[in-house]
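Each remark here refers to the structure printed beneath this line.
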Amino acid sequence: MMERIGNFLFHYRNYLFPLALPLVLIPGPRIFESSLTAALIGLLIGLFGQSVRVATIGLVYIIRGGRNRRVYAEDLITDGIYAHSRNPMYVGNVSIITAVAITSNSWGCVAVVVPMFGFFYLAITRAEESYLSNKFGPGYREYVAAVPRFFPRLTGLWQTLRDSEFHWRRVLVKEYGTFAGWPLRWMVVFLYALWRDGELSSYPHLFQYLSAFLLFLLLMYVPVRVLKKRRVLVAD
């Protein structure tokens, strides 16, 4: 059953992140007294999730994006961050979604969003595991026995980071949309939480700071997108 759900969700996985944004409207008691506190903690969690994604892509890029919107993998990748977690990209995704939920400063939002998306990615993972087990057989089952599904094994992580070549160009090409996407959602949710809780007037210079932040995101996103479309910037 979980595999069927996972295959269905995998087919529509690109719509999961946008689905999280309307859920911040779910009412509930405040998590923190100040929405600014919630936003800063959410930002830190989001940066952690982004860092996991950057490290994963920068060290060893795994082609598991699917083929015809179905689970697909060319090779069994077991090095880089994948030597410490079998699904580091999903760890990053759930962290970012949790960050947006916490920024809403609503227990109602967190109580719905975090379990819901945890279930979504668990189901997708189960579908991928079934596919990989069938394709790679004993080699994959040995990998499963040695490496945790989600929470990373920290032993040897520093050595992995130190000894691996990091591909910044690949990170820019593959991740530029995420770099801009979730911080923009974080900013929108932060402003909504401030407005909802009547705290906007407490931060008179906030719009100036957030406008500068938005300009930074655009200056980062637009050139990379243009260079990628013109094939001047390609993954190494």
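Taken as Cα centroids, region 1-47 and region 193-207 sit 22 Å apart, rounded to the nearest whole angstrom. The ranking of 70, 162 from fewest to most other beta carbons within 10 Å of each one's beta carbon is 162, 70. Computed from the C-beta positions of residue 48 and residue 195, the FRET efficiency with R₀ = 25 Å rounds to 0.40. Along region 115-122 the Karplus relation, 6.51 cos²θ - 1.76 cosθ + 1.60 evaluated at θ = phi - 60°, assigns HN-Hα couplings of x, 4, 6, x, 5, 3, 6, 5 Hz to successive residues, with x for each Gly and Pro. Ranking of 5, 81 by neighbouring Cβ atoms within 10 Å, starting from the fewest: 5, 81.
Under the criterion of Cα pairs below 8 Å and six or more residues apart, the relative contact order for the chain equals 28 percent.
Over the chain, DSSP H runs of length four or greater, each weighted -39,500 (n - 2.57), average out per residue to a 222 nm ellipticity of -22000 deg cm²/dmol. Taking 0.36 nm per residue of separation and subtracting the Cα-Cα distance, full extension of the segment from residue 32 to residue 226 would add 65.8 nm.
Each reported figure results from applying straightforward, stated rules to the coordinates on display, with no laboratory input. The structure presented is a predicted model; accordingly, all values stated were derived computationally and were not measured. Cβ coordinates were reconstructed from backbone atoms using ideal geometry, including for glycine residues, and neighbour counts include every protein chain displayed.
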